[in-house]
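The structure under discussion appears below in the form of structure tokens.
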Amino acid sequence: MRSNDVIHFCPPARVVIGCGSRAQLPGLLQRLGYRRGVLVTDAYFTGHTPWVREYVQAAQACGIETVVYDGGMPDPTTTLCDAATRQLLEQLGQVRPDHVVALGGGSNIDLAKALCLTLVDGSPIKDFVGAMPQAPRCLPLVAVPTTAGTGSEATPGAILVDPENATKVAVMDNQLRPVIALIDPEFTYSCPPKVTADAGIDALTHAVESYLTLDCFEFDRQGNPDPGYSGRSTLTMSFAREAISLCARFLLRAYADGGDKEARIGMAYASHYAALSYGSSGLNAVHGIAYAVAGLTHKSHGSTNAVMLPYVLDELASVRRAEMLDVARIFGIDDADEDAAVGRLPMLVRDIVAKLGIPATLAEFGIGREQLPELLKDALQVTRLASAFPVADVPAAYARIIERAFEGRFLHEGALL
Ligand SMILES: NC(=O)c1ccc[n+]([C@@H]2O[C@H](COP(=O)([O-])OP(=O)(O)OC[C@H]3O[C@@H](n4cnc5c(N)ncnc54)[C@H](O)[C@@H]3O)[C@@H](O)[C@H]2O)c1
């Protein structure tokens, strides 16, 4: 507890976690009175797993009819969302659904979140991009993640690609938070190594970035009585600390051996706990710059976060020294000299990124030096994230971070890696 905390904490209404917990879902939905649903997923789950068929049959036995949409794609676009809306409304006819179930990684969950808005009256999703003055009408979402990383099952936002200008746009409101987040770690057992790495480093980024972000008592809520994000508090930090500790134990293990069930379960918890932290505190420079890197390279969300995380940590070494020391200790950095321990943390994280098979510099990502000014400009334009970076001069800090991430250099180490 801190006496000056001002907390606005928005978790999902129900969180169900456990191996095999998927079997509980139809009965829970029946008890809550749901009768007609849309299940949003992708062809991997309908074609290669029994989970969709099993769910639809078990739901039917509970009196719940389900229409399945399996056209989900990685990094869904606004165009895909509008096409899915038209297809589903035609399929559904006069009967409107009373809930949406998302099965899949962050991409399917985000598409389902967007459909919760558009299926109400067929509006295009772009009508909901940007600040919504009034809480929107939307269908309740049940989110069932199959990757351990994005935490979209506990956040207020859906990230979509706008193909017209190749940027990512956010649809965001607390109304979009899933009413049920069901985390069955068994779903993640089939994730291939790259999906495990991308999602896992995303979870670690969420946990660390939210642990170090702007405090809730300094956060500008812009007069919103129901802010989606509102800065870190002792409540969000307790989830972040637990998530960091789980990532320290299980991230590399889950990547090295996908059959390591203890590690898979650990990462499923880590992902959700990280989301309970960042889903209310919000994020800052790692994601802000990563969105710009993704705009230039079209690389995956997790990998663009991964390349930036060590250099953002390096920049925060003096501003967030105590918290970085906590994180260093969690990762087993035991130098008696605290400054040395803090200084070693960005290098350790950079080693984890490399061990996950992800490029550890912007140059290795294929970005040219001449693109750095454009990258800086694009990153600073994501003002919601830039304004939560806890430093006095954000443009100067972003410029230093980008320069060092390009070269693979750390300020506090002073040497090329
Ligand atoms: N809304 C949010 O709060 C939020 C937060 C972070 C990321 N995101 C978004 O999430 C997306 C990334 O999500 P992701 O990392 O979960 O990957 P993903 O959802 O894009 O999935 C990647 C691939 O992995 C496959 N896959 C998923 N689960 C699997 C499983 N259990 N077994 C085998 N294959 C599986 C999918 O079919 C897909 O082909 C990005 O679009 C990002 O913008 C959203």
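Give the angle, between 0 and 90 degrees and rounded to the nearest 10, that separates the Cα long axis of helix 51-61 from the longest principal axis of the Cα atoms of the chain.
With both axes taken from Cα atoms, the answer is about 40 degrees.
I'd like to know which of SER123, PRO193, TYR273 lies farthest towards the positive end of the charge dipole of the chain, counting +1 on Cβ of Lys and Arg and -1 on Cβ of Asp and Glu.
Sorting the options by dipole projection puts first SER123.
Quickly work out the TYR189-to-GLN24 label distance, labels modelled 7 Å from Cα along the C-beta direction, and quote it in nm with one decimal.
Result: 1.9 nm between the two label points.
Among VAL40, VAL67, VAL101, whose mean-square fluctuation peaks in a Gaussian network model of the chain (Cα, cutoff 10 Å)?
VAL67
Taking only the C-alpha atoms, wrap a convex hull around the stretch 97-190 and report its volume per residue in Å³ as a whole number.
Expressed per residue, the convex hull around the Cα atoms of the stretch 97-190 is 99 Å³.
What distance in nm separates the two pseudo spin-label positions at GLN94 and ASP260, each 7 Å out from Cα along the beta-carbon direction?
5.7
Report, largest value first, the span of the C-alpha coordinates of the chain along each principal axis, in whole Å.
Projected onto its principal axes, the Cα set of the chain covers 65, 47, 42 Å.
Over the chain, what is the relative contact order in whole percent, taking alpha-carbon pairs under 8 Å and six or more residues apart?
15
In Å, what is the Rg of the alpha-carbon atoms in the stretch 14-189, and how long is Dmax?
Answer for the stretch 14-189, Rg first and Dmax second: 14.9, 45 Å.
Computed over the Cα atoms, what is the radius of gyration of the stretch 192-407 divided by 2.2 N^0.38 Å, N being its residue count? Don't jump to the answer; show the numbers that get you there.
Details: Rg = 16.2 Å, N = 216, 2.2 N^0.38 = 17.0 Å.
My calculation over the Cα atoms of the stretch 192-407 gives 0.96.
What distance in nm separates the two pseudo spin-label positions at ARG400 and LEU32, each 7 Å out from Cα along the beta-carbon direction?
The two pseudo-label positions are separated by 4.6 nm.
Hey, in the GNM for the chain with a 10 angstrom Cα cutoff, which one of ALA270, ALA392, ALA290 fluctuates hardest?
Comparing ALA270, ALA392, ALA290 in the GNM, the peak value goes to ALA392.
Springs between alpha-carbon pairs under 10 angstrom, Gaussian network model over the chain: which of ASP127, ASP162, ASP226 fluctuates most?
ASP127
Between ARG2 and THR79, what FRET efficiency comes out of the Förster formula 1/(1 + (r/R0)^6) with R0 = 45 Å and r the beta carbon distance, rounded to 0.05?
0.50
In degrees between 0 and 90, to the nearest 10, how far off the longest principal axis of the chain does helix 106-121 point, with axes built from Cα atoms?
Around 50 degrees separate the two axes.
Can you give me the Kirkwood hydrodynamic radius for the stretch 185-315, using every pair of distinct Cα atoms, in Å to one decimal?
Evaluated over the stretch 185-315, this radius sits at 15.0 Å.
Rounding to the nearest 10 and keeping the result within 0 to 90°, find how far the Cα-based axis of helix 301-315 lies from the longest principal axis of the chain.
Helix 301-315 sits at roughly 30 degrees to that axis.
Report the extension gain between ARG409 and ASP121 in nm, rounded to one decimal, defined as 0.36 nm multiplied by the number of residues separating them, less their alpha carbon distance.
Working: separation 288, 0.36 × 288 = 103.68 nm, distance 5.15 nm.
Result for the pair: 98.5 nm of gain on full extension.
Report the Cys residues of the chain lacking a disulfide-compatible partner, meaning no second Cys Cβ under 4.7 Å from their Cβ.
CYS10, CYS19, CYS62, CYS81, CYS191, CYS216, CYS247
Can you tell me how much longer the chain between THR234 and GLU54 gets when fully stretched, taken as 0.36 nm per residue apart minus their C-alpha distance, in nm with one decimal?
Stretched out fully, the THR234 to GLU54 stretch lengthens by 60.7 nm.
Each value in this text was obtained by applying a stated rule to the coordinates, not by laboratory testing. Being a predicted model, the structure only gives us computed values, none of them experimental. Positions of Cβ are generated from backbone atoms using ideal geometry, with glycine treated the same way; all protein chains shown enter the neighbour counts.
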